[in-house]
Ligand SMILES: Cc1ncc(C[n+]2csc(CCOP(=O)(O)OP(=O)(O)O)c2C)c(N)n1
Ligand SMILES: [Mg+2]
């Protein structure tokens with residue numbers, strides 16, 4: 001199996017689905033001309049391969065999503081790229097009041113098979129350009145929300161998302177585009193709404209997704225040297241939320257830490273912790289802990305940015321704290 | 001147009017008028033709740049426009065949508081039942097007055113976020129263009145929708161991609177209580193000119209004028225000449241919605257517009273003048289419409305409310321099992337019992 005980047009895995013998924021289904025198109029800002037295709041290179045070269053099917057759009061996120069919704073209603077499967085998650089705010093009405101509502105409010109008469117691809121993340125770009133809105137999207141009934149952590153998951157989930165008949169918000173991550181992982185040459189699909197063990201262990205369960213899966217894996221390697229074996233559940237999909245593996249794991253480890261990149265208050269970690277204690281209270285030997293981003297608009301300075309975000313060392317510290325507590 | 005079709009246009013306008021008057025009555029009786037935006041005065045717009053379209057052209061409108069649904073072929077029964085919030089309504093009581101829909105008639109819905117449906121219309125047109133279906137999309141909106149970002153984004157995009165879409169402003173000159181001169185900096189047609197879009201101004205109180213204008217621009221779109229813009233000048237006789245006491249508009253202004261009533265005018269200047277009908281026939285039409293609407297009210301009133309166990313239906317096109325983990329339907333258990341196992345759910 002070849003090791004490829006997360007970026008390349010996404011591109012392969014797009015290519016395969018465009019080959020398979022002529023109604024799949026890619027619309028977004030700078031997906032064609034700029035730097036060969038895509039602000040982060042995901043669509044590079046695809047415009048040449050699929051003439052007329054990859055198109056640059058005006059900088060009008062509300063229209064990128066809205067035109068995508070209309071096209072999906074009209075029989076296409078558009079993949080709409082929003083340059084970064086920060087700009088989805090301009091299209092929030094289209095995503096929440098339109099994409100998410102059509103199927104239910106119109107009693108199944110209208111379907112919206114579209115994918116909204118957009119990266120979360122940071123990179124010394126300060127407050128307006130360094131955010132994570134996982135929890136916001138996951139809050140909305142009618143959306144499906146996917147946030148893959150590895151190239152393998154990114155490819156399999158993007159293919160499924162494109163084939164799905166509901167609007168899927170597909171959350172990539174700026175810091176993951178260059179990461180590498182094994183991806184088979186042959187075709188495979190990963191179902192939406194199915195979590196995955198990224199590491200097996202007996203001592204503490206970490207429930208996480210996206211970039212924090214990678215940080216948690218780093219933390220696990222450090223902790224393993226100390227003899228602590230963490231189990232990592234990668235949710236992969238944030239809506240619908242599959243907590244079955246997390247529950248199974250808690251049953252074994254009796255300890256849970258939820259690790260998320262976004263702001264802690266009203267974050268997805270709060271929802272996961274609340275649900276797990278509802279369902280597995282008797283299995284818990286310690287209160288469920290959370291590792292999350294600090295609640296500040298992201299500063300530009302290197303040290304302040306780093307202090308704001310959770311990294312492997314924060315996960316290690318949380319595991320230490322949990323293991324040291326006596327109950 | 002032959003006699004039969006002209007009489008049909010008349011009947012549709014009367015149907016909408018009577019339907020709206022009776023709906024207002026039902027609202028007063030608390031059979032209908034929420035926001036109820038009536039179409040009285042604007043009947044010629046929907047009826048004229050729909051008569052100019054092919055049955056598979058796509059229609060997208062705002063929340064003032066009863067007239068559109070009726071003109072596009074939804075039954076008075078289904079529309080009234082929807083206003084009543086019943087299982088037999090156009091969306092089974094999901095959407096209510098502002099969100100009627102009938103996709104089999106290519107009526108893609110009423111939309112209640114001002115300007116929200118304009119990009120959707122451009123998208124439907126983009127699909128028609130890409131899939132080469134030959135369809136045209138008609139997108140109706142209020143004058144108050146021409147200042148929001150989606151208006152400008154959708155017009156720019158439609159022109160840029162040469163989409164087969166008609167942006168039709170039902171310019172009743174008010175956005176709730178705010179007059180055009182208070183909400184817009186430039187005359188309406190100048191907004192279309194900003195995107196170099198073909199535009200016409202149309203008398204919205206004249207059903208034939210609306211019909212002819214929509215025919216012209218739909219033909220343009222079908223010939224590949226792209227989007228167009230119609231400023232259809234009209235007036236609503238009632239307040240913005242049933243919640244509006246309508247104190248801000250001048251009574252004399254309302255009376256002046258009523259003198260140009262689209263139904264009376266069409267009967268007098270076309271049907272009677274050309275001897276296509278007798279006054280007696282017009283009376284019969286009125287009676288048959290009244291009966292149809294009365295029947296719709298009885299039907300709606302007798303219809304059941306939607307079953308509680310349909311509440312989760314169609315949040316997704318296929319049922320998604322584990323979305324119910326956090327709080328379940330009807331009697332929410334504090335502890336979910338039905339935890340799906342990995343790989344088994346949709
Ligand atoms: C984005 C948004 N802002 C405000 C409202 C509240 N609102 C509903 S209708 C309306 C007036 C719209 O007027 P117009 O577009 O002229 O349509 P008309 O009611 O005259 O048909 C307003 C302000 C809304 N539904 N959506
Ligand atoms: Mg108006």
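Among the numbered conditions (1) within 14 Å of ligand 1 (Cβ to nearest atom); (2) surrounded by fewer than 23 Cβ atoms within 10 Å (Cβ to Cβ); (3) within 11 Å of chain A (Cβ to nearest Cβ); (4) in contact (Cβ under 8 Å) with a residue 24 or more places away in the chain, the only one that residue B:113 does not meet is (4).
Among the residues of region B:167-183, which ones are away from chain A (no Cβ under 14 Å) and more than 11 Å from ligand 2 (Cβ to nearest atom)?
Selection gives B:168, B:181, B:182.
Yes or no: residue B:53 away from ligand 2 (no atom under 16 Å from the Cβ), part of a loop (DSSP other than H, G, I, E, B) and either in contact (Cβ under 8 Å) with a residue 60 or more places away in the chain or surrounded by 23 or more Cβ atoms within 10 Å (Cβ to Cβ) (or both)? Reasoning before the result, please.
Numbers: away from ligand 2 (no atom under 16 Å from the Cβ): yes; part of a loop (DSSP other than H, G, I, E, B): yes; either in contact (Cβ under 8 Å) with a residue 60 or more places away in the chain or surrounded by 23 or more Cβ atoms within 10 Å (Cβ to Cβ) (or both): yes.
Considered against the rule, which asks whether it is away from ligand 2 (no atom under 16 Å from the Cβ), part of a loop (DSSP other than H, G, I, E, B) and either in contact (Cβ under 8 Å) with a residue 60 or more places away in the chain or surrounded by 23 or more Cβ atoms within 10 Å (Cβ to Cβ) (or both), residue B:53 comes out as yes.
Only a single criterion out of (1) more than 8 Å from chain A (Cβ to nearest Cβ); (2) within 16 Å of ligand 1 (Cβ to nearest atom); (3) part of a loop (DSSP other than H, G, I, E, B); (4) surrounded by fewer than 24 Cβ atoms within 10 Å (Cβ to Cβ) is not satisfied by residue B:98, namely (3). Against the criterion of being in contact with a helix residue (DSSP H, G or I) (Cβ under 9 Å, 6 or more places away or on another chain) and surrounded by fewer than 19 Cβ atoms within 10 Å (Cβ to Cβ), residue B:105 qualifies. Scanning region B:43-67 for residues that are out of contact with any helix residue (DSSP H, G or I) (no Cβ under 8 Å at 6 or more places or on another chain) and within 16 Å of ligand 1 (Cβ to nearest atom) gives a single hit, B:64. Tell me, yes or no, whether region B:135-146 has at least one residue that is out of contact with any strand residue (DSSP E or B) (no Cβ under 9 Å at 6 or more places or on another chain) and modelled with pLDDT of 95 or more. No, the conditions are met nowhere in region B:135-146.
Scoring residue B:187 on the criteria (1) within 13 Å of ligand 2 (Cβ to nearest atom); (2) out of contact with any helix residue (DSSP H, G or I) (no Cβ under 8 Å at 6 or more places or on another chain); (3) farther than 22 Å from residue B:16 by Cα leaves a single failure, condition (1).
The listed residues are A:146, A:168, and the only one of them that is free of Cβ contacts under 8 Å to residues at least 60 places away in the same chain and either crowded, with 24+ Cβ neighbours inside 10 Å or more than 10 Å from chain B (Cβ to nearest Cβ) (or both) turns out to be A:168.
Yes/no matrix, rows are residues, columns are (1) touching a residue at least 60 places away in the same chain (Cβ under 8 Å); (2) surrounded by fewer than 22 Cβ atoms within 10 Å (Cβ to Cβ); (3) assigned to a helix (DSSP H, G or I):
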{"site": "A:58", "(1), (2), (3)": "no, yes, no"}
{"site": "A:67", "(1), (2), (3)": "no, no, yes"}
{"site": "A:70", "(1), (2), (3)": "no, no, yes"}
{"site": "A:95", "(1), (2), (3)": "yes, no, yes"}
{"site": "A:104", "(1), (2), (3)": "no, yes, yes"}
{"site": "A:120", "(1), (2), (3)": "yes, no, no"}
{"site": "A:125", "(1), (2), (3)": "yes, yes, no"}
{"site": "A:135", "(1), (2), (3)": "yes, yes, yes"}
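Total residues in region B:161-202 satisfying the condition of being within 16 Å of ligand 1 (Cβ to nearest atom) and at positive phi: the figure is 2. When residue A:222 is tested against (1) in contact with a helix residue (DSSP H, G or I) (Cβ under 7 Å, 6 or more places away or on another chain); (2) closer than 18 Å to residue A:153 by Cα; (3) touching a residue at least 40 places away in the same chain (Cβ under 8 Å), only condition (2) is not met. With respect to the conditions (1) free of Cβ contacts under 8 Å to residues at least 60 places away in the same chain; (2) touching a strand residue (DSSP E or B) at 6+ places or on another chain (Cβ under 9 Å); (3) more than 10 Å from ligand 1 (Cβ to nearest atom), residue B:158 lacks only one, and its number is (1). Taking the criterion of being within 8 Å of another protein chain (Cβ to nearest Cβ) and in a helix (DSSP H, G or I), the residues of region A:72-89 that qualify are A:72, A:73.
Tallying residues that are in contact (Cβ under 8 Å) with a residue 60 or more places away in the chain and either surrounded by fewer than 22 Cβ atoms within 10 Å (Cβ to Cβ) or more than 16 Å from ligand 2 (Cβ to nearest atom) (or both) within region B:190-209 yields 4. Does any residue of region B:203-213 turn out to be assigned to a helix (DSSP H, G or I), within 14 Å of chain A (Cβ to nearest Cβ) and away from ligand 1 (no atom under 16 Å from the Cβ)? No, because not a single residue in region B:203-213 is assigned to a helix (DSSP H, G or I), within 14 Å of chain A (Cβ to nearest Cβ) and away from ligand 1 (no atom under 16 Å from the Cβ). Within region A:20-50, the residues that satisfy the criterion of being under 14 Å from residue A:158 (Cβ atoms) and in a helix (DSSP H, G or I) are A:20, A:46.
Quick check on region B:128-149. Is at least one of its residues out of contact with any helix residue (DSSP H, G or I) (no Cβ under 6 Å at 6 or more places or on another chain), touching a residue at least 24 places away in the same chain (Cβ under 8 Å), facing chain A (nearest Cβ under 7 Å) and buried (at least 22 other Cβ atoms within 10 Å of the Cβ)? Yes: region B:128-149 contains one or more residues that are out of contact with any helix residue (DSSP H, G or I) (no Cβ under 6 Å at 6 or more places or on another chain), touching a residue at least 24 places away in the same chain (Cβ under 8 Å), facing chain A (nearest Cβ under 7 Å) and buried (at least 22 other Cβ atoms within 10 Å of the Cβ).
The values are calculated or read from the model by the stated rules, or taken from the named source; none is laboratory data. Here the structure is a predicted model, which means the values were calculated and not measured. So basically every Cβ, Gly included, is an ideal-geometry build from the backbone, and we count neighbours across all protein chains shown.
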